[in-house]
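The values are calculated or read from the model by the stated rules, or taken from the named source; none is laboratory data. Model, not experiment: these values are computed from the prediction. Here Cβ is always computed from backbone atoms with ideal geometry, including for glycine, and neighbour counts include all displayed protein chains. The protein model used for the area step is the full one, side chains on, heavy atoms only, and it has no ligands, DNA or RNA in it. Shrake-Rupley method; radii C 1.70, N 1.55, O 1.52, S 1.80 Å.
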Amino acid sequence: MFYIDIFFKHVWNILPYLKTTFLVAAITFLVSVLLGGLIASGMLGKNKPGQMLAKAYVNLMRCVPPIVLLFIVYYGAPYLVSSLFHKDINGLDAIYFAIISLSLLHGASFAEMMRGAYLAVGKGQEEAALSIGLTKWQAFYRIIFPQAFVVALPILGNSIIGLLKDGALAYSIGVVDITGRAQYLISMNLGGYVLETYLALALIYWILSSITQKAFGALERRLQKG
Amino acid sequence: MLKITDVHKAFGDNEVLKGVSIEVEKGDVVAVLGPSGSGKTTLLRSINFLERADKGRLQFDDIDVDLKNASKADIKKIRKKTAFVFQNYNLFANKTALQNVTEGLIIGRKVPKAEAAERAKKALDKVGLSERYDYYPGQLSGGQQQRVGIARAIAVNPDIILFDEPTSALDPELIGEVLNVMKELAKEGTTMIVVTHEMQFAQDVTNKVIFMDGGKVVEEGTPKDIFTHPKEERTKQFLRRVIPNYDYSI
Ligand SMILES: Nc1ncnc2c1ncn2[C@@H]1O[C@H](COP(=O)(O)OP(=O)(O)OP(=O)(O)O)[C@@H](O)[C@H]1O
Ligand SMILES: [Mg+2]
């Protein structure tokens, strides 16, 4: 028996926790962009040890399942911090650990995306910019970045959806986002209405993903010129 | 005006330039000829530091630098005095024809926007593109793109323009429009170094021809010297290969 009224009630019950889902996703996104930029510039730079380090990092992250990384960070980070700085961070809200591990993970895939987009633009664009008197930095932000951004957009849209969905794992260390809330509702009902609850959750993720996809599609069409 | 001496450049084990020296006077139109792989592009790129030579000296008016160790400030000065026209145009794909030309003025040379637009339009008019200011590179034919490339180069008022095979990526029927623009520039006294396979252009428009092979200058002289009385066997061979009926034409 499927109780449609429970399904809708649970959608309604879960929705307020979107706040946490968004917070995790937004901060993870920002950190991933910064970390990804750093790693991408390492991979693309002339410095050999830097290249190797960046590549090794990306490879490593490709091999670790997200949930495993999450637990490693959750249990490992307090250990690391206490042995390095003699500070106890065990009491820190789980959301920090979730953001750190998701950022470590997505920073690597963002780096790959940025590297690919940068290479797709081609060396000639930078050379032309240098030849008319732009500095390397000006060539980057005026000529290369705007083009690389357009190249990266479709992948970026998918990455953001992936990042939103990976956020669901955070409940496993106690973050109460929409997934955490769904788990809570199930346990409140002593394991009842499981299907209703998970379908309610899936519906919310589906709407989020669709909106993201549509938004990026629209942005792509707007930026596609020439 | 521009003198480069004993330029060497290797890519790994591949020695591409083995001591090239050339001299250009104000108003000169110099053609650089030579078979594929002889180092023509590399030489041109070394002049404005798109490639860093392993050895060599560059004198440009009052600037005198070592090509290998030139400082950022020197490079900047030299780039201010030169402009480059690329084989594949390399127009900024995210900018319109007009923006392609204003970029070097507004950002590279700090010219006020209004004045930059004025100068850019003049440059585009000169290359016959007054109807195409707001087109993106992707909306232009190859010949039109290369003419924007030339407008971008002349707009910054360089002392010398370096052309790297400006017509070799073009369909045959589009080559003429680009060469005509270059002829016009030559007539006005623009100093240019042109790497080219267009023998007719080299013969008719330039006042100096340099023939390179194997990373060295084999022979140089007036177009008449090189085309009708080449001294070196390698030059003769090259000309026979690239000019149909060469033996009859001289
Ligand atoms: N970035 C690079 N890395 C490695 N080798 C290079 C590089 N650029 C050029 N070369 C090599 O240097 C040699 C000379 O190249 P260059 O482009 O200067 O010749 P070219 O005279 O311009 O030939 P073409 O007429 O085909 O344009 C070639 O053997 C080429 O493979
Ligand atoms: Mg070449």
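Among the residues of segment B:113-168, those identified as open to solvent by less than 20 Å² (accessible area, probe 1.4 Å), within 14 Å of chain A (Cβ to nearest Cβ) and part of a loop (DSSP other than H, G, I, E, B) are B:Leu140, B:Val156, B:Pro166.
Close Cβ contacts (under 9 Å, 6 or more residues apart or on different chains) running from residues in segment B:30-50 that are without any contact (Cβ under 8 Å) to a residue 60 or more places away in the chain and near ligand 2 (Cβ under 9 Å from one of its atoms) to residues that are open to solvent by 10 Å² or more (accessible area, probe 1.4 Å) and charged (D, E, K, R) comprise B:Thr42/B:Lys9; B:Thr42/B:Glu51. Condition check for A:Pro146 on (1) within 30 Å of A:Ser210 (Cα to Cα); (2) more than 14 Å from every other protein chain (Cβ to nearest Cβ): one failure, at (2).
Quick one: how many residues across segment A:185-209 are under 30 Å from A:Asp93 (Cβ atoms) and touching a helix residue (DSSP H, G or I) at 6+ places or on another chain (Cβ under 9 Å)?
Residues of segment A:185-209 under 30 Å from A:Asp93 (Cβ atoms): A:185-194, A:196-209.
Pick out the ones that are also touching a helix residue (DSSP H, G or I) at 6+ places or on another chain (Cβ under 9 Å) and you get A:185-186, A:189, A:192-194, A:196-201, A:203-205, A:208-209.
Here the count works out to 17.
Answer yes if at least one residue in segment B:72-81 is of a type in the set (Val, Ile, Thr), touching a residue at least 12 places away in the same chain (Cβ under 8 Å), within 21 Å of A:Ala148 (Cα to Cα) and within 12 Å of chain A (Cβ to nearest Cβ), and no otherwise. So far as segment B:72-81 goes, no, none of its residues is of a type in the set (Val, Ile, Thr), touching a residue at least 12 places away in the same chain (Cβ under 8 Å), within 21 Å of A:Ala148 (Cα to Cα) and within 12 Å of chain A (Cβ to nearest Cβ).
Say we look at segment B:230-250 and pick out the residues that are in a loop (DSSP other than H, G, I, E, B) and at pLDDT 90 or above; which of these is farthest from B:Gly34 (Cα to Cα)? Ranking the candidates gives B:Lys231 first.
When B:Glu184, B:Glu173, B:Glu219, B:Glu188 are checked against the criterion of being acidic (Asp, Glu), more than 16 Å from ligand 2 (Cβ to nearest atom) and open to solvent by less than 20 Å² (accessible area, probe 1.4 Å), B:Glu219 stands alone in meeting it. Does A:Ala94 satisfy the criteria of being within 23 Å of the chain's Cα centre (by Cα), in contact (Cβ under 8 Å) with a residue 24 or more places away in the chain and open to solvent by less than 100 Å² (accessible area, probe 1.4 Å)? The answer is yes for A:Ala94. Listed by first and then second residue, the pairs with beta-carbon distance under 8 Å, at least 6 apart or on different chains, first residue in segment B:211-223 and without any contact (Cβ under 8 Å) to a residue 60 or more places away in the chain and charged (D, E, K, R), second within 12 Å of ligand 1 (Cβ to nearest atom) and open to solvent by 20 Å² or more (accessible area, probe 1.4 Å), form an empty list. Where residues in segment B:43-65 are near ligand 1 (Cβ under 10 Å from one of its atoms) and open to solvent by less than 20 Å² (accessible area, probe 1.4 Å), which of them is nearest to the other protein chains (Cβ to nearest Cβ)? Per the criteria, the residue is B:Leu44.
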